[in-house]
1. Can you say whether Gln18 is surrounded by 10 or more Cβ atoms within 10 Å (Cβ to Cβ), modelled with pLDDT under 85 and more than 23 Å from Met145 (Cα to Cα), as far as the supplied structure shows?
2. Output the residues belonging to the range 78-91 that are surrounded by fewer than 16 Cβ atoms within 10 Å (Cβ to Cβ) and touching a residue at least 24 places away in the same chain (Cβ under 8 Å).
Amino acid sequence: MELTNDQWELIEPLLPKQDRSGNRMGRPRVEARPVLEAILWVLRTGAPWKDMPPRFPSYQTCHRRYQQWMEDGVIDAILRALAQDLEMRGKFDFSEGFIDGSFSSAKKGALALGKLSGAKAQNSWQLRTAMVFLSPYPLEVLRRMKSPSSKQR
């Protein structure tokens, strides 16, 4: 999932600043934007870290940064900001929601059969952002958030 420039402007202030001071040896630090895009891809797809596409930084870098950002509360803040942005745009409603616990096994080769053509696939960044919230961690964040409609009651 690639972030739009509008989304990046919303998220960038929430990320820790990279410290470039001192004479550090080793490789230069990977920029935050491609790492965050990789993390959002893993959260959206549910794929293992090492199955990330090659367009992203190394999975070890992304996983390490994900763990650090989880510990520091950065991921929580990012997901909240994206959810609030979607709500303001009318693409997400906190007053309604459900969790589906059903399970359906797929037949061998179902992935190849289930691919949508380019004309049928939905490509909006709002949809791709909303898909992030289908993974387990964002659902937990959303459960902890209070709905504006619950405050009115």
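1. Against the criterion (surrounded by 10 or more Cβ atoms within 10 Å (Cβ to Cβ), modelled with pLDDT under 85 and more than 23 Å from Met145 (Cα to Cα)), Gln18 qualifies.
2. Once the filter is applied, which keeps residues that are surrounded by fewer than 16 Cβ atoms within 10 Å (Cβ to Cβ) and touching a residue at least 24 places away in the same chain (Cβ under 8 Å), the range 78-91 yields Ala81, Arg89, Lys91.
Table: residues versus (1) within 23 Å of Gln7 (Cα to Cα); (2) in contact with a Leu (Cβ under 6 Å, 6 or more places away or on another chain); (3) surrounded by 10 or more Cβ atoms within 10 Å (Cβ to Cβ); (4) at pLDDT below 75.
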residue: Val35; (1), (2), (3), (4): yes, no, yes, no
residue: Arg44; (1), (2), (3), (4): yes, no, yes, no
residue: Gly73; (1), (2), (3), (4): yes, no, yes, no
residue: Asp76; (1), (2), (3), (4): yes, no, yes, no
residue: Asp93; (1), (2), (3), (4): yes, no, yes, no
residue: Gly97; (1), (2), (3), (4): no, no, yes, yes
residue: Leu113; (1), (2), (3), (4): no, no, no, yes
residue: Lys120; (1), (2), (3), (4): no, no, no, yes
residue: Gln126; (1), (2), (3), (4): yes, no, yes, yes
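The values are calculated or read from the model by the stated rules, or taken from the named source; none is laboratory data. Computed from a prediction, not measured in an experiment: that's the story for all the values here. Cβ sites come from the backbone with ideal geometry, for glycine too, and all protein chains shown count toward neighbours.
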